[in-house]
Each structure stands twice: as C-alpha cells, then as structure tokens.
Amino acid sequence: MKLRFKITLMVTSFSVLVMFFMSIFYGNYLLQDRYRQTSKRLLEKSYDLAFYIEGHLLDDLSVVKTIQSAHEVEQELLVSNAKYINLSKQEIKDKLSKLNKTWMSKIDKNDPFVKKYTDNKLANFLKKQKKVSPGLYGEIFITNKYGAMIAATGKLTTLEHDYKYWWKECYANGVGKVFFDDRGFDDSVKGYVIGIVSPIKKDGEIIGIIKANINVQSLLSYVLKRYDKKHEGIAKIVRTKGLIVYEENTIPLSARVPKKLSILLKSLKSGVTDIKISKHEKIAAYSPVKLSLNRKDIIFGGIKNSIDHKLGNDGEIWHVVIEKDKDTIFNKVFEDMKNLMIIEFGFIFLLAIVLFLIVDRMSVPLYKLSQIVKKIGQGEKDIKIEPESNDEVGELAISFRDMLKNLDKTTASRDELKQEIKKRIEAQKELKKKDELLIAQSKQAAMGEMIGMIAHQWRQPISVISMAVNNIMIDIELDGLKEENIKECSNEILEETKYLSQTIDDFRNFFKPKKEKETLLVQNLFDNTYKIVGKSFENNDIELNFSGDGEQSIAVYGSELLQVFINILNNAKDALRDTQRVDKKVTISTCKKKSNIIFEFYDNAGGIKEEIISKIFEPYFSTKDEQNGTGLGLYMSKMIIEKHMLGKIWVENRSDGACFMIELPINSKESSV
C-alpha cells in the first residue's frame, strides 16, 4: 500500500475512532441530561397540577358555601331546629330513629313521606343549583343541627346522619370544620364521589350541615384535560396506599401503582423515581395535593366502607402522579445522535479527501528518495542527490548524500564478516566444552563422595553380618549349634542384606536424571537427603536437625536439588570435623516468602573467612586440599539453582557459623526472586 494511502487510512481511522468514542460519551451525557431535565419538568408539572386540583376543590367548596348562604337554607334550618329544641337527648334520639326507620321502609321515591323531604321548597332550591353544573354533582342534602335531614335532591339511604363519621367530623363538637369525604364508590349514584361537607352557621353557632357529593370522574377529567396534549407523560390521581383515584380510560379505584411508588408516596412529599409497569421502564414524578394534608379549618379523609359506599379513604391523602416512558427519552436521544453522526461522517469523508490530496503532494520527494535507495541497494554509487526543500524531507536527502559518500569507509568486507562470525562460533564451542568438562569433573567428585557415603552406610550392616557369621562358627566349633541360633543369626543377616539393598536403591535414585519437574513435600526432600548423608553425620558425631512446614509442597527437579543439599551439607560436615566443638550440629529450616520458599542450612562451625566468602561460588575455588576438594560443588550448586530452577542461592556468616540460603519458586515456572 502506498504511503499516501496508509497515512490517509490511519488518520481517517483515528478520526472515526475518536468520533465514535466522543459520540458514546456525548450520547451518554445527553441521555443523562435529558433524563434530569425530564424528571425536573415532570416534578414541576406534578406540583402545578396538584396545586390546580386543590384550587378546583376549593372552588367547589366556594360554590357549596354560596348555596348554604342562601336565605331559604337558614330559614328552613331554624324552623326544623325549633321542633327539637325542647326535647331531651333521649327524645331527640327516639324521634330520629323513628323517622329513619320510616324513611328506610319507603322504597317508592314518590311516596308522600319521601317527597316531604325531596320535593319541598329547600329541596327544589338544591335541585336548581345541581342543574347549574350538570354531571358534576351527585346528591346534595342538608341536615339540621341534630343530624335529621330536612331536604335532599334525591332518595338517600338514610334520613338520620348524626352518627355518621363525616357528620361528626364536620360538626366537630360544635366548632365546625369543612370535611372532604373521600368516600370511594357510592351505591346511591353508582360511581366514585367525594363529598364536600360544610357547617352552616348563624351568629357563630352551627345550625345545620350541608353535604354535596361531587362526581370525581367528572371533576378530575375536567381538571386533567387542562393538562393538555402538549404536556409530557400520563397524569393520574393516586391515594397514598396506591389505589388510583383517577386515570383516563381506567375505572376509578380498580388499579394500583407499583409497590415501589406507593412506598414513596407515604413520605407525603414530592419526588421523582423509576418504576416498571408491564415490563416498561418509566419515570414517575409525584406531588401531594396539599388540601388533602388537612388544614386548620379543612379535614380530608373518610372510612374504608360503610352502609352506602365502599373503597373509601383509609386515612390517606391524594397525590398527583405523572408517568413518562423512558423509551421516549431514549428514542429522542437516539434520533439526535443519528443526525449528529451523519454530520460527523460527512465531515470525516471531506477530511479524508483533503488529507489524501495534501499527503499525495508531500509524498513526491519521498518517492524520489525511495528510488535512489533502490539504486544504492543494487550497487550503484554514482548517483547525485540534491535536496528539493528545506524541511525534514530535504534533511533526509542530505543525510542520504552523506551516507553515500561514507559508504566505502564504513562497510566491512563480506570475508571479514564471515571470519568474525566463525571466531565467535568457535568461542561458543570452547565455552560449551569447558562447561561440559566442569560438569564431568563435578559428577566424578560427586561419585567419589557418594562412594564414601556408601561406605559409611554399609560399615555397620557389614559388621552385624560378620558378627552373626562368627557366632555361627563359634557354635560349630564348640559343638553347641542350635536351630534357633541359626534362625536368629539368619534373620539378622537377612535384615542387614535388605538394608544394604535399600541403600543401593537410594543412591541409584539420586543419580537417576529427571527431565521434568516433580511436586514434592519439603519433608520428603529432607528424608531423602538424610537417607544419603545421615550415617556419615552420625559417624562424625554431628547432629542434623530439620524445622519448618514439612507439608509444604514445591515443584522442583528432585535429584538436582538433592545434589545441591548434599554439596552444602558435606561442606558443613567437613568444616565441623575440623573444629574442636562437642555440640556439632547443622539445622535445616524453611520459611515461606510470598510465592517462594527459602531453605536455610545453618552450622555452628565458626563461619567462613570474610576475605573468601565472596569467592566460594567460583569454579575451582576450594579451601580443602587437592585430594579432598575440586572446587566445583558450590559452583555447580549455583548453576543448578539459578539456571535450572530460576532461584537464588547465597551465604552469610552468623553468630557461630555460616548459613547457606536457597530461595525457590513454589509452583510457577518463573521465579519472583
């Protein structure tokens, strides 16, 4: 591929990559920002709508207060109250009970007794007020101060009302408060209603109570239509425990909001949350209708069920909830990002064309230089190179010109190069031969030491066998040979022979090469070492101890590591043999360091002289005479530990002797030392 194409492709690819990540970052930022903005707008709308509903309820209350202020209302209440004023409480109770039984026994609404209350002067006045707002009101009725109904727009369930919760809340022991009765589904009007109950006063004293049942669906549909189609989301009115009071195209009190939202509504505060409805993720903003939070002069509430209604308010308030699908936010952001990326790719395309033209113009001098280099590579030297510009390309041309001038001076001949390579190969072969010689000498030295150890191991068994044979010979000469003596001596000879055979196996395993690492317990390494050097140490009165975690496993070349251990222990044994100490001992200990294990070999032979301690790992360096030392043991030990096992070996003097330390990786193929 030509240079101009490569540069254009690289820059274009980089631009696309940058644009891609910037688009992801910006898209995420835009989505979060739209989410925040939408949440803020929905919260503001829910607050405004709650305020508007409160205002509308207060407007309806004003209408009810206007009705109760009519002269006809006051006049009829005074007349009705006068009929009870001289009666005792029991007489009033009996009279109301009798009237209520008669009322409830009348089924026909045209019965003269019923029409006495539904077709009197005050009742007809209430009916006229009801017609002013058709479809808004259910029943409107008035009771006197004793709870007896005196006028109604229709046949109600009962005539007596002084025992009902809404009447008591409104009467308030004679103080009088407005009570909004969130009664739920009312059988008398076959729909959801809220009753506005207001005390009627004269000279500060309650003379009666008016109640106007308002059709909630009619009221709230009118209010929510003001939240026109331009606004976002779906608005609904919800009670604190989650029942939906009103939602377009939904039967009142037939559905609930998700549990998560109903829990948040119990805080009686405004807020925004995420909810899930029928697998759709939504944002929900909610605000309480403050009128329903109760005020000094207004109470909002109800009871769950009574004789003439069900699903009433259970100590709850109203909340405005506005929901919006998250998908609409995502789709809008996606559309914006799609348009942005079209613009970005158009820009990148134009950039690629302009870049290609610029690079094409810049690459002409480089192309000429490349042709000159080809000719130089083919052996041509009589070439003129002249810089065509003062930039980096011109400097490159000058460099090529100078290189061509100095080419004969700096190029070595092919024969000289071959000769140099040959010398290096010969030197490497010589080094390899020296290493092989060192290894062979080390093996011979190790073989000699092993033979000495075998002699130590066999000395006692051979003595036992010899003694058993002598005992048999003496018994034969004294004519005292017995069968049990022969068996006893034979068993001793057999046991010692087995020991000799096992010793041969142990030493043969030591010399058996193993190409793969094996996982061994530290205790097994110590046991194998003791089998080989133990007798030699015992014969020289040297105590050999082991301390550490014997159950720790390690991946090593077992026989090679055993050779290192034996080299170190033999040196310690030789050093202790030259001392006059009585308590000669060598201690092997282990400790774990991260992913490595450290072996310590500590003797009490007095230590190594400071002037030679730095040389003991060098080849052919020995403190022993020529017959007892080759100077290869510690050198080979260092080679095995550091090159074969990727570990580390070093020595230091301590209080009463030398301490050799070996650090090896436990499991990994590479050391971390």
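Placing a pseudo-label 7 Å from each Cα along the Cα-to-Cβ vector at LEU9 and ILE353 gives an inter-label distance of 2.2 nm. Rounded if a/c is under 1.5, else prolate if a/b is larger than b/c, else oblate: which is region 22-166, with a ≥ b ≥ c the root eigenvalues of its Cα gyration tensor? Verdict is prolate for region 22-166. Extension gain, VAL582-LYS98: 0.36 nm per intervening residue step, less the Cα-Cα distance, totals 161.7 nm.
In region 120-172, the portion of solvent-accessible area held by carbon and sulfur atoms comes to 53 percent [1.4 Å probe, whole percent, DNA, RNA and ligands not counted].
Determine the shape class of region 277-361: with a ≥ b ≥ c the square roots of the Cα gyration tensor eigenvalues, call it rounded for a/c under 1.5, and otherwise prolate if a/b is greater than b/c, oblate otherwise. Prolate, since a/c reaches 1.5 and a/b exceeds b/c.
Each residue of region 164-169 was assigned a 3J(HN,Hα) from its phi angle through the Karplus curve 6.51 cos²θ - 1.76 cosθ + 1.60 (θ = phi - 60°); the sequence is 7, 4, 5, 5, 5, 4 Hz, with glycine and proline shown as x. Quick check: the distance between the Cα centres of region 21-68 and region 96-159, to the nearest angstrom? Taking the Cα centre of each part, region 21-68 and region 96-159 sit 41 Å apart. Within the assembled protein chains, the solvent-accessible surface assigned to TRP166 is about 10 Å², based on a 1.4 Å probe. Amide H to amide H distances under 5 Å link ILE597 with LEU664, ILE666, where only residues 5 or more positions off or on other chains count and H is placed in the peptide plane.
Here the spin labels are modelled as points 7 Å beyond Cα on the Cα-Cβ line, and at PHE621 and ASP656 they lie 2.8 nm apart. Please go through the residue pairs LYS40/LYS130; LYS418/LYS615; LYS40/LYS164; LYS155/LYS269; LYS127/LYS324; LYS592/LYS638 and name each one whose alpha carbons sit more than 32 Å apart in this structure. In this structure, LYS40/LYS130; LYS418/LYS615; LYS40/LYS164; LYS155/LYS269; LYS127/LYS324 lie more than 32 Å apart at Cα.
Each peptide among 352-358, 49-55 gets the average number of other Cβ atoms lying within 10 Å of its residues, and from highest to lowest they stand as 49-55, 352-358. When peptides 69-75, 594-600, 273-279 are ranked by their average number of other Cβ atoms within 10 Å per residue, the highest-first order is 594-600, 69-75, 273-279.
Rounded to whole numbers, the Karplus 3J(HN,Hα) couplings from phi for region 92-105 are 5, 4, 5, 5, 5, 5, 5, 4, 5, 5, 4, 4, 6, 7 Hz, using 6.51 cos²θ - 1.76 cosθ + 1.60 with θ = phi - 60°, and x at Gly and Pro. Rolling a 1.4 Å probe over the heavy atoms of the protein chains gives region 34-116 an accessible area of 64 Å² per residue. For region 642-658, 3J(HN,Hα) computed residue by residue from phi via the Karplus equation (6.51, -1.76, 1.60; θ = phi - 60°) reads 8, 8, 7, 10, 6, x, 8, 9, 7, 9, 8, 8, 10, 4, 10, x, 9 Hz, glycine and proline entered as x. At 1.4 Å probe size, with the rest of the protein present, what percent of the exposed accessible area of region 538-657 is carbon and sulfur atoms? In region 538-657, the share of accessible area belonging to carbon and sulfur is 46 percent.
The amide H of ILE299, built 1.01 Å from its N in the peptide plane, has VAL178, PHE179, PHE180 as neighbours under 5 Å, considering only residues 5 or more places off or on other chains. Close amide H partners of TRP318, meaning residues 5 or more places away or on another chain with modelled amide H under 5 Å apart, are VAL289, SER292. Length gained on full extension, LYS594 to GLU430, computed as 0.36 nm times the residue gap minus the Cα-Cα distance: 55.0 nm.
Pull out a ≥ b ≥ c, the square roots of the eigenvalues of the alpha-carbon gyration tensor of region 565-617, then state rounded if a/c is under 1.5, prolate if not and a/b is larger than b/c, and oblate in the remaining case. Judged from the Cα gyration tensor, region 565-617 comes out oblate (a/c at least 1.5, b/c at or above a/b).
Heavy atoms of the protein chains alone define the surface here; on that basis region 135-211 has 30 Å² accessible area per residue at 1.4 Å probe size. Taking Cβ atoms as reference points and 11 Å as the exclusive limit, the residues near ALA255 contribute a net charge of +1, counting Lys and Arg as +1 and Asp and Glu as -1.
In this structure, TYR52 and THR273 have a Cβ-Cβ separation that, at R0 = 25 Å, corresponds to a calculated FRET efficiency of about 0.65. Working from label points 7 Å from Cα in the Cα-to-Cβ sense, the HIS644 to LEU136 distance is 10.5 nm.
The values are calculated or read from the model by the stated rules, or taken from the named source; none is laboratory data. Since the structure is predicted, the reported quantities are computational estimates derived from the model, not experimental observations. Cβ coordinates were reconstructed from backbone atoms using ideal geometry, including for glycine residues, and neighbour counts include every protein chain displayed. Note: areas computed on protein heavy atoms with side chains; ligands, DNA, RNA excluded. Shrake-Rupley method; radii C 1.70, N 1.55, O 1.52, S 1.80 Å.
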